[in-house]
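Remarks on the structure that follows.
The values are calculated or read from the model by the stated rules, or taken from the named source; none is laboratory data. Owing to the predicted nature of the structure, the values given are computational and were not obtained by experimental measurement. Please note: Cβ atoms are built from the backbone with ideal geometry, for glycine as well, and neighbour counts cover all protein chains shown. These accessible areas exclude ligands, DNA and RNA; they are computed on the full protein's heavy atoms, side chains included. Shrake-Rupley method; radii C 1.70, N 1.55, O 1.52, S 1.80 Å.
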Amino acid sequence: MSGALKSNIWKYTVLLVTNKRVFVAILGAYYLTIPDVNTFWIGVFLLAGNGAKFIFDIPSSYLADKIGHKEALVLSRVSMILSTLLFLFIPTIWGLVFASIFLSIGFAFMSGVGSAFMHETLRSLGRADEYTAVMGKASSIGFFVPAVMATVVPFFVSVSYQIPFIIGLVLDLVGLIMAASLVRSAVPPEHAAETDRMSYIKVVHQGLVLRFFRIAAFSGIVSALLDGIDGFRAPYQLALAVPVIWFGIFFGTGRVLASLMLAYSGKIRQIVGDVYSYQRAQIIVYGALLLIIGFISTPWVVVLVLILDNGLQYGMSQVDTGYLLDIIRNNKFKATLLSTSNQLESLFSMIVVFVMGAAIAQFGYQNSFAVLAGIFLLLVVPFHLYIVRNRPITS
């Protein structure tokens, strides 16, 4: 059984590879090829996606804790396939809206659930303390392989914008096969009994007692504000007259950086220290990147900032999750609490991307990014100070 259970590590690694959207580097440019679509509509698409993720994040993970994490991962793959089919065959405004919704539903059934599934797998194998290192390496591969694909994919755009989505559909089918082949961990009877009788309100109460949500909210605000530039990466590069065929190379470079960082997640966390030091590092690094892109419009500088933002944001994802899991510890509803964190991020992102889409359409990219940088610092600095002042005495 341990051998079969151990196979979850490589299967989940393949699942992470197929979870990445190889067409994301050209997605913003693809939107602008659709009649009547402008940056305002891109904001609407992002709003629809984040709205769907906000609505489904908690129900999906709570359902996963009830029916099983493997089943939820299978549902995630089905939703991803529906999303890709819509992008591929219904390139209209409403087709893109529903494609964004199904894409976010797929991510909702993956977020929190995948981390909880692998945490339980490693715990059953007696390797729970290796979570950050093991998942960092798995995520590294999950970023590196799609990064190579994303680098190549934009070159097919000169032939057809549909080719990247066809490649994505093939990967989605492979992901469905991997999800269906995962092996369930043995669930202790007392775990199952608690899962059956625990209400969502009680789960939230446990999170409040653990002071989980203030850390999760900080991470959510940081990620949401970074989404304010990330969601408009391709359109801004187009506005700066950067050739589309280079988008994949820039995007792939960022993902390779993320892959390298993920591979050393365990060591990075040792260097960074506790969660409070991690928050300070986020404020300094991301604040600097936002200020640069907000006040400098030189194309190579913008491209470099976008590459660093892409690499850092995703490269530190397992470190971020590791801090959250430290707080949750042995709570039976890991997926639900982690997805509550993701839901907070979706709520913040939903607001940010819609406002940014409207602001860019009205005031332009650089002015909007400059204001975003100011909002970032005004929000996260006081929030961090509040968290530090009110941290547990034992921290």
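Brief remarks on what is shown
- Taking a span of 15 Å or more along the helix axis (Cα atoms) and a mean Kyte-Doolittle hydropathy of at least 0.5 as the rule, the DSSP H helices of the chain that qualify are 39-67, 69-89, 93-110, 131-152, 163-181, 212-230, 247-263, 275-295, 299-315, 317-328, 334-363, 365-389.
- Approximate spin-label separation Asp36-Asp274, in nm, with each point projected 7 Å along Cα-to-Cβ: 5.6
- Accessible heavy-atom area order of Phe363, Phe98, highest first, probe of 1.4 Å: Phe363, Phe98
- Computed from label points 7 Å out along Cα-Cβ, the spacing between Val381 and Ile296 is 2.1 nm.
- Computed from Cα atoms alone, the Kirkwood hydrodynamic radius reported for the chain is 21.2 Å.
- Heavy-atom accessible surface of the chain, averaged per residue, reaches 41 Å², computed with a 1.4 Å probe.
- Exposure of Tyr323 as accessible area (Å², to 10), given a probe of 1.4 Å and all protein chains: 10
- Per-residue ellipticity at 222 nm from helix content only, as computed over the chain with -39500 (n - 2.57) for each DSSP H run of at least four residues, stands at -27500 deg cm²/dmol.
- Gain on full stretching of the segment that runs from Ala281 to Asn390 - 0.36 nm per residue minus C-alpha separation: 37.3 nm
- Computed on protein heavy atoms with a 1.4 Å probe, the accessible areas place Val159, Val371, Val183 in the order Val159, Val371, Val183, largest first.
- Violating pairs (Cα-Cα greater than 18 angstrom) within the set Lys70/Lys267; Lys11/Lys70; Lys11/Lys53; Lys6/Lys137; Lys6/Lys70; Lys6/Lys267: Lys70/Lys267; Lys11/Lys53; Lys6/Lys267
- Ile387 contributes an accessible area of around 0 Å² to the protein surface, as traced by a 1.4 Å probe with all chains present.
- Theoretical gain in end-to-end length, Trp94 to Ser160 [0.36 nm per residue, Cα-Cα removed]: 21.6 nm
- A straight chain from Lys267 to Val148 at 0.36 nm per residue would run longer than the Cα-Cα distance by 40.4 nm.
- Spatial separation of Cα centroids for the stretch 109-171 and the stretch 233-272, in angstrom: 15
- Positive dipole terminus of the chain, leading residue within Leu96, Asn310, Ser185 (C-beta point charges): Ser185
- Solvent-accessible area of Phe89 with every protein chain in place, 1.4 Å probe, in Å² to the nearest 10: 140
- Ser104, Ser297, Ser158, ranked by accessible area, largest first (probe 1.4 Å): Ser158, Ser297, Ser104
- Label point distance in nm, Asn367-Asp129, each placed 7 Å from Cα along Cα→Cβ: 5.7
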